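Inspection log for the structure reproduced underneath, given as structure tokens.
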Amino acid sequence: MGIVFKQSLSNMVITYIGFAIGAINTLFLYARFLTDTYYGLVGVILATSAILMPVLALGVPNTMIKFFSGYEDKKAQDIFLGFMLVLPLLLIIPIGAYSYLANEAIGSFIGQRNIIVQDYVWHIFLIALAMSYFEIFYSWSRIHMRSVFGNFMKEIFTRAGVMLLLFGVYTEYISIDLFLKALVGLYLMRTLIMMLYAFGLRKPSLRFEIPANVRSLLTYSFLIILGGSTAVVLLEVDKFMINQFIEIEKVAYYTVAVFIATVISVPSRAMHQITYPMTAALLNQNDKTGLQVLYHKSSLTLQIISGLIFILILLNLGDLYLLLPENYRGGFNIVLLIGLAKLFDAMLGNNNAILYNSDHYRAILFLGVLLAICTILFNWYLIPRIGIEGAALATFMAIFIYNLLKLIYVKYTLDLQPFTMDSFKVIFLIVLICALFFALQFPFHPLLNIALKSLLVTAMYVGLLYRFKISEDVFGVLSKYLGSKK
């Protein structure tokens, strides 16, 4: 697990830089440089593209990671990789043709509550296309154990580009319409750069051949569309459905609250870049002992790091909202619900990687269908009744049910579970610190209040982790800075 922690650290630094840029964009620039309506429109376009992306990718990013390590000779690997590049075209071409021919009908459907959305069908398709092939080229680099550049492109490149575009709008150098077109171009450019990098690691074979295990590849790819889409759907369908039921401005307010809570997932996103291929390799080697160790340690490490972020967000939320325009305040319950869902995600460690890369991947199909239905029904019922807090509650319930079912399934089928006694110690520590510091409020500027409270909370949290040696990996890292060798 030491190597996982070290490699994940590089990705986590990049991811947090990306999230810092994203925070500036989401919390300040979008909210001040665009009207609420256009901010909501951007949210709908990106959310709808994210929902469509796994379908266009046809499960290929997961398929590459699961099957690549099973090929022993270079020729078989080249055939496999070449096939993976063209497989998504089976859906991209017909969906693209339909989007072009039925543009008006599709626009009328997604714009039935907010008419402004109906002119952006093609923007949605092109961004989804760019997202799908980006993930394919990213997986191409990850199977060669090169994840840092792809993580940079995923987390920093697009956000930095959006920041420049927003300043262009603010200075009136570009119009809102040009901003939206440039946003499409930015995602397409990112994909092109990622393709060049991936092919620099390993050139694709120019001769197209069908792999010998094509039936297994196709079965896995088609089934994983729904399973692999579930995580995206759980977090993005709420924005799409808010647009269908209430004013598009609410999407902007909801996006800000969800972004704040999503920071909790950054450590998971960073660690999964390396644990996914490692989990696939352990499963292909039938190393159950190594898999259990990875399951335990990935869960505990993520729980500790994500737990601290959850505490800091929750305890500083009041001061953070004072820094935002008044319309964007008042989302405490949204942040709490989404934050708890993301913390539960973190506690499952590499559970997703185990399911996606084991012979039980078909379970993802059934769980995915079940949860997609539940998510849509929850949102359909709750959004019209309690607005954007209903969307947050729907997302929380869906993610909780989904994670609980995955946890039970892995335990039942593989006799693996992520928790140890240290897991419960961390839960107690999170509750204790929240209870101790929740009422603490300094009478200074919000930024100074956030800094002071964060220092106090972090010092106590880290100090207790170190004192009781709750995690070997975390203790080892802390020991380098606190002087202990034991």
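The values are calculated or read from the model by the stated rules, or taken from the named source; none is laboratory data. Only a predicted model underlies this, so the values are computations on that prediction, with no experimental measurement involved. Positions of Cβ are backbone-derived with ideal geometry, glycine not excepted, and every protein chain shown enters the neighbour counts. Just so you know, the surface numbers come from the protein's heavy atoms only, side chains and all, with ligands and any DNA or RNA stripped out. Shrake-Rupley method; radii C 1.70, N 1.55, O 1.52, S 1.80 Å.
Table for the structure above
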{"quantity": "Residue in segment 93-108 that is crowded, with 21+ Cβ neighbours inside 10 Å and assigned to a helix (DSSP H, G or I) present", "calculated": "no"}
{"quantity": "Meets criteria (under 18 Å from V117 (Cα atoms), buried (at least 22 other Cβ atoms within 10 Å of the Cβ) and either in contact (Cβ under 8 Å) with a residue 12 or more places away in the chain or aliphatic (A, V, I, L, M) (or both)) for V44", "calculated": "yes"}
{"quantity": "From the options I210, I193, I174, residue that is open to solvent by less than 70 Å² (accessible area, probe 1.4 Å), part of a loop (DSSP other than H, G, I, E, B) and out of contact with any Pro (no Cβ under 6 Å at 6 or more places or on another chain)", "calculated": "I174"}
{"quantity": "Pair list, Cβ under 6 Å, 6 or more apart: segment 437-465 residue more than 19 Å from R329 (Cβ to Cβ), other residue hydroxyl-bearing (S, T, Y) and modelled with pLDDT of 85 or more", "calculated": "none"}
{"quantity": "Hey, V60 of a type in the set (A, V, I, L, M, F, W, C) and more than 18 Å from P277 (Cβ to Cβ) or not", "calculated": "no"}
{"quantity": "Some residue of segment 237-259 being of a type in the set (K, R), in a helix (DSSP H, G or I), within 24 Å of Q112 (Cα to Cα) and touching a residue at least 60 places away in the same chain (Cβ under 8 Å)", "calculated": "yes"}
{"quantity": "Residue, nearest to the chain's Cα centre (by Cα), within segment 377-392, restricted to residues that are surrounded by 20 or more Cβ atoms within 10 Å (Cβ to Cβ) and within 18 Å of I260 (Cβ to Cβ)", "calculated": "A392"}
{"quantity": "Helices (runs of 4 or more DSSP H) lying entirely in segment 275-366 (those with 3 or more residues that are surrounded by fewer than 22 Cβ atoms within 10 Å (Cβ to Cβ) and either touching a helix residue (DSSP H, G or I) at 6+ places or on another chain (Cβ under 9 Å) or touching a residue at least 40 places away in the same chain (Cβ under 8 Å) (or both))", "calculated": "288-322, 332-347"}
{"quantity": "Residue in segment 120-151 that is farthest from the chain's Cα centre (by Cα), counting only those that are in a loop (DSSP other than H, G, I, E, B) and not polar (S, T, N, Q)", "calculated": "Y120"}
{"quantity": "Neighbours by Cβ (under 8 Å, 6+ apart or cross-chain): first from segment 163-180, closer than 16 Å to Y120 by Cα; second open to solvent by 90 Å² or more (accessible area, probe 1.4 Å)", "calculated": "none"}
{"quantity": "Condition check for L188: open to solvent by 60 Å² or more (accessible area, probe 1.4 Å), under 24 Å from P54 (Cα atoms) and more than 17 Å from the chain's Cα centre (by Cα)", "calculated": "yes"}
{"quantity": "Where Y71 falls short, out of the listed (1) assigned to a helix (DSSP H, G or I); (2) open to solvent by 30 Å² or more (accessible area, probe 1.4 Å); (3) not charged (D, E, K, R)", "calculated": "(1)"}
{"quantity": "Output for segment 99-134, where each listed residue is in contact (Cβ under 8 Å) with a residue 60 or more places away in the chain and aliphatic (A, V, I, L, M)", "calculated": "I110, I116, V117, I124, L126, I127, A128, L129, A130, M131"}
{"quantity": "Lone qualifier among V4, V44, V60 - being in contact with a Ser or Thr (Cβ under 9 Å, 6 or more places away or on another chain) and modelled with pLDDT of 85 or more", "calculated": "V60"}
{"quantity": "Output for segment 140-160, where each listed residue is surrounded by fewer than 20 Cβ atoms within 10 Å (Cβ to Cβ) and of a type in the set (D, E, K, R)", "calculated": "R146"}
